[in-house]
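Structure first, then comments.
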Amino acid sequence: MGNRLTKIYTRTGDDGTTGLADGSRVNKSDLIFVVMGDVDELNAHIGMILAQIEGLTAEKLEAFSTISISLSTVQHLLFNVGGELAMPEYIGISEAHISWLESEIDAFNEELPALKDFILPAGSTLVSQIHIARTVCRRAERQAVNLQLNNKEAISANVLKLLNRLSDWLFVLSRYCAKVEGSKEVLWDKTILTRFD
């Protein structure tokens, strides 16, 4: 991963293929690039969450400081996932990273009331953005499983675990951020649809 990009366009992908780190050319619609694309999209959504936090008032920003560090860590982990997909010999995700996510989930959960109802993917702009990231993460995980079914060597077990745990982390983060910013969680209410009965 030491190559420096000096030229952004190369024209080599004009035929619908792109290069892997080993020099091979693969069709851009290949499952490996579907997963890379979903992971890249997820990383961009995490960046948007960070941008929204950084746009908060100084008073609120302090309450989110540890969350910002965690989000930045997640962005780096997702970049490592891309590295693993592009370079099969590269190991960027370890059990330690998965354990870290689990400890974060547990720490957030300790601060939250027990979940008694389903939560809608709504609320404040920040909470809604976290839910968008969560749904993209689930899609990335589904595509990663599909890739593994088609090519076991293309993706590591730890990447699959990370994506699975990350969607849980994002769900708990949405609840935790709602609490920190003082916004309400939007709960599913079965009585809303009774007007159609």
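Values as computed for the structure displayed
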quantity	calculated
Angle between the chain longest axis and helix 125-150 axis [Cα atoms, degrees, rounded to 10]	40 degrees
Cut-off of 10 Å, at most 11 other beta carbons, DSSP loop: longest stretch of the chain lacking such GluC sites (Glu not before Pro)	1-88
Positive-pole candidate from Leu126, Ser65, Thr191, dipole of the chain, charges at beta carbon	Thr191
Rel. contact order, % - alpha carbon contacts under 8 angstrom, at least six apart, the chain	26 percent
Accessible area in square angstrom per residue, the stretch 63-197, 1.4 angstrom probe	54 Å²
Helix-derived mean residue ellipticity, 222 nm - over the chain, DSSP H n ≥ 4, -39500 (n - 2.57), to 500	-21000 deg cm²/dmol
Given charges at beta-carbon only (K, R positive; D, E negative), |dipole| of the stretch 30-94 in Debye	180 debye
Sum of side-chain charges, Gln52 neighbourhood, beta-carbon under 13 Å (Lys, Arg +1; Asp, Glu -1)	-1
Net length gained if the chain between Leu149 and Val26 were fully extended (0.36 nm per residue, minus Cα distance)	42.5 nm
Choice from Gly83, Gly47, Gly16 with maximal GNM fluctuation in the chain (Cα, 10 Å cutoff)	Gly16
Three-way shape label, the stretch 135-197, alpha-carbon gyration tensor, a/c 1.5	oblate
Full-stretch length increase - Leu112, His76 - with 0.36 nm per residue and alpha-carbon distance subtracted	10.3 nm
Most mobile listed residue (Leu166, Leu78, Leu112) in the chain, GNM with C-alpha springs under 10 Å	Leu112
Cleavage-rule hits (chymotrypsin sites (Phe, Trp or Tyr not before Pro)) in the stretch 50-107: DSSP loop, at most 15 neighbouring Cβ within 10 angstrom	Tyr90
Degrees, to the nearest 10: 65-86 long Cα axis against longest axis of the chain	30 degrees
Charged-residue dipole, Cβ positions (Lys, Arg, Asp, Glu), the stretch 68-133 about Cα centre, Debye nearest 20	280 debye
Nearest-20 debye value, the chain charge dipole, Cβ charges on Lys, Arg, Asp, Glu	440 debye
Estimated distance in nm for a label pair at Ser99 and Glu54, the labels positioned 7 Å out from Cα along Cα-to-Cβ	3.2 nm
Loop-resident sites, the stretch 68-142, for trypsin sites (Lys or Arg not before Pro), counting at most 13 other Cβ within 10 Å (DSSP)	Lys116
Shape of the stretch 91-138, Cα gyration tensor, a/c cut at 1.5	oblate
Solvent-accessible ranking of Asp106, Asp168, largest area first, probe 1.4 Å	Asp106, Asp168
Whole-percent carbon and sulfur share, accessible surface of the chain, 1.4 Å	55 percent
Inter-probe distance in nm under a simple model that places probes 7 Å from Cα toward Cβ, at Lys184 and Leu61	3.0 nm
The chain: angle of helix 95-110 to the longest principal axis, Cα-based, in degrees nearest 10	10 degrees
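The values are calculated or read from the model by the stated rules, or taken from the named source; none is laboratory data. The shown structure was predicted, so the numbers you read here are calculated from the model rather than taken from an experiment. Cβ: placed from backbone, ideal geometry, glycine included. Neighbour counts: every protein chain shown. Accessible surface is based on the protein model in full, side chains and every heavy atom, while ligands, DNA and RNA are left aside. Shrake-Rupley method; radii C 1.70, N 1.55, O 1.52, S 1.80 Å.
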